[in-house]
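To keep things clear, I will list the structure first and then write my remarks on it.
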Amino acid sequence: MPRSKSGAKVLKSPGQLIEMSPAASPDSIAAHMESVIRQLGEDPTRDGLVRTPQRVEKALRYLTSGYQADPEKIVNGALFEVDYDEVVIVRDIEFFSMCEHHMLPFFGKIHVAYLPNKKVIGLSKIPRLVDAFARRLQIQERLTQQIAQTIQSLINPKGVAVVCQAQHFCMMMRGVEKQHSDAVTSAMLGAFRERKETRDEVLALMNYR
């Protein structure tokens, strides 16, 4: 008497009832995941998989929550006038993202630097901006550029530098299956792009020189 779509109990074997998850909307991620599980040759009504479609939907919505993020609201006015014209850098910002090609994770660290132009941004806002763009279907090159361009537009500094170092599960779990390779991307704007000595200084501070 399996009735998984109704959310009722399902008879798995004589004397064994499994409580099913509530029925998902036909257009929901969970409903499609149930079909995917079947296509993989598994039984979505067995106890270990009964709630997996709902878990996957919840996880995917969290991992792509950056689409709902508003950078201006994240900053929330945390810009302060300060007489400071040297490099500001936040290093080793951990991030996780999802490769848009295979929907497998890539993860690593991002270093963000800027050269103030009369204003500085609250330091905690920089990791929050990183998360806003990392929690999307991404490629590393775009992620690096988006962070740099957003900081440039929000605080109008003299320069912005972003370096991203990441490992990609699409290279580790499949394909070439290289476990110890990483990818490094950079975005240099303003003074960091135009002046080699300024760029060299920030790369040295990031330990990339």
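The values are calculated or read from the model by the stated rules, or taken from the named source; none is laboratory data. Computed from a predicted model, the values in this text were never measured in an experiment. We place every Cβ from the backbone using ideal geometry, glycine too, and count neighbours over all the protein chains shown.
General observations
- Exactly one residue out of ALA134, ALA148, ALA166, ALA161 is at pLDDT 95 or above, buried (at least 21 other Cβ atoms within 10 Å of the Cβ) and in contact with an Asp or Glu (Cβ under 9 Å, 6 or more places away or on another chain), and it is ALA166.
- Check on VAL176, on the phi < 0 side of the Ramachandran plot, surrounded by fewer than 19 Cβ atoms within 10 Å (Cβ to Cβ) and in a loop (DSSP other than H, G, I, E, B): yes
- Taken over the range 163-201, the criterion of being under 16 Å from ALA148 (Cα atoms) and either small (Gly, Ala, Ser) or outside the structural domain of PRO127 (by TED's automatic domain parsing) (or both) is satisfied by SER186, ALA187, GLY190, ALA191.
- Of all residues in the range 154-173 being assigned to a helix (DSSP H, G or I) and in contact (Cβ under 8 Å) with a residue 12 or more places away in the chain, the one that is nearest to LEU129 (Cα to Cα): LEU154
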